[in-house]
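Accompanying notes for the structure given below.
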Amino acid sequence: MFGYRVPAPDEAMLISGGRRGLGGAPFRVVTGHGKFVLPVFRKVRFLTLSMCEAEVTETCVTRQGISLHVRAVIAFKVGNDHESIINAGQRFLSDQEQMSVLTGRIFAGHLRAIIGSMTVEEIVTERQKLAAEVLDTSKTEMAKIGLIVDSLQIQSIDDGATGYIDAMSAPHKAAIQRQAQIAQAQATQASVEAEQAAARKQAEYARQTAVVKAEYSAEVDRAQAQAAQAGPLAQAHAQQEVLAAQTELAQRQAKLRQQQLVAEVVKPAEAEAERVRILAAAEAQRMKIQAEAAASYDRVALDRMLIDQLPQIVKEAAGGLAGANVNVLNGADGLGEIAAGLVSQGLTILDSVRHGLNGNDSEAAKNLPQLRAGKDQTPNDGPVNLD
């Protein structure tokens, strides 16, 4: 529609003419929507709100007096609030390219001031700290002109021909080179070890292959030898089985013949020997019994004969007292004691004879007739006289 204007999304529309803007500004600010503008009576201008860039290349002197060439890049834009748009519009609306020039000059001054308070080592190792301090010190000035800084990047720091930074980095370079050499040596050693391990594996594989081939060849040779010997071995085995069978048959025949000999010869002979032994034992037992009976009979006869001769023995013993001079002190008792002594002597003689005859019953039996015949021939020494 004629007279209706709409700003772009990254632009602010400034309308001058008519009533004043916010805070007594000479123009009204419109962003994000359109506005009807009376032709001839109103004038419209547009201020960019997009991101802008400023580059700073400055030679700065450090606290140590060493000159450094510093290159930095600043990213900035006009603030989105009405106050920032008004400030930026009043300063850069007619020449918006001046925003980058002025921003570069502002940051160059602050960069020189801050680098002058730092050492080379701090600047090189703490670039983020340098950028943060530059941003912090320039924030107020940038706000006054309606600009805000999004970022500040230190692109490069160079000391020219002084060689200070190179000298400062020399120990680190040496350490890095040493580490690189160590790493290279370790890599070389690892490579050599890997090659040696691979060689050992190849040698081990070759050895195992040779062993397997040798075992296979030996197994083939053994199988061929066994196959070549199979016929003779089978024949020899068959002959061995035949000989074993024949040997077993001969052993059985010998055992059978032995059993036959035992049944025909040994058993009858043993039976005959047993019969003869039994008969001989019976005969010996019979003769023993007869001898014991005869000895027993002769002993009884001998005892009877001795008993029969006892009175005569006592008489003969008493006859020995006929010529003796015997004094009897106690009368009839003394005579009784003498008679008892004579009888006791006779019994003693009888026992002696009996014991002597028991030692040899056969001799007693032989001498029995003589004892009987001499019973009537006992010597008589004379009568025994009693005083």
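Taken together, the values in this text are just the output of simple stated rules run on the coordinates, not laboratory data. Since the structure is predicted, the reported quantities are computational estimates derived from the model, not experimental observations. Counting neighbours? That spans all protein chains shown, and the Cβs are built from the backbone with ideal geometry, glycine included.
For this structure, a couple of remarks:
- Computed over segment 227-281, the P(r) tail beyond 18 angstrom holds 62 percent of alpha carbon pairs.
- A simple spin-label model places the labels of residue 113 and residue 211 8.4 nm from each other, with each point 7 Å out along Cα-to-Cβ.
- A Förster radius of 25 Å, combined with the Cβ-Cβ distance separating residue 82 from residue 36, puts the computed FRET efficiency at roughly 0.80.
- Label-point separation, residue 53 to residue 172 (7 Å along Cα→Cβ), nm: 2.7
- Over all other residues within a Cβ to Cβ distance under 14 Å of residue 128, the charged ones net out to -2, with Lys and Arg as +1 and Asp and Glu as -1.
- Shape call, segment 150-223: gyration tensor on alpha carbons, a/c limit 1.5: prolate
- Working note: Cα gyration tensor of segment 82-132, eigenvalues times five, square-rooted, sorted largest first, giving semi-axes of 32, 11, 8 Å.
- Shape index of segment 199-290: Rg/Rh, with Rg the Cα radius of gyration and Rh the Kirkwood radius from the inverse mean 1/r over Cα pairs, equals 1.73.
- With both labels modelled 7 Å from their Cα along Cα-to-Cβ, the residue 75 to residue 295 distance reads 15.3 nm.
- A viscosity of 1.002 mPa s and a temperature of 20 °C, combined with the Kirkwood radius over Cα pairs in Stokes-Einstein, give a translational diffusion coefficient for segment 28-124 of 133 µm²/s.
- At full extension, residue 96 and residue 202 could sit 30.5 nm farther apart than now, given 0.36 nm per residue minus the alpha carbon distance.
- Near the amide H of residue 11, within less than 5 Å, lie the amide hydrogens of 49, all on another chain or at least 5 residues away, with H placed in the peptide plane.
- Kirkwood Rh in Å, taken over segment 110-188 so that all alpha-carbon pairs contribute: 15.4
- For the pair residue 8 and residue 237 in one chain, pulling the backbone fully straight at 0.36 nm per residue adds 70.9 nm over the alpha carbon distance.
- Computed from the C-beta positions of residue 248 and residue 280, the FRET efficiency with R₀ = 56 Å rounds to 0.80.
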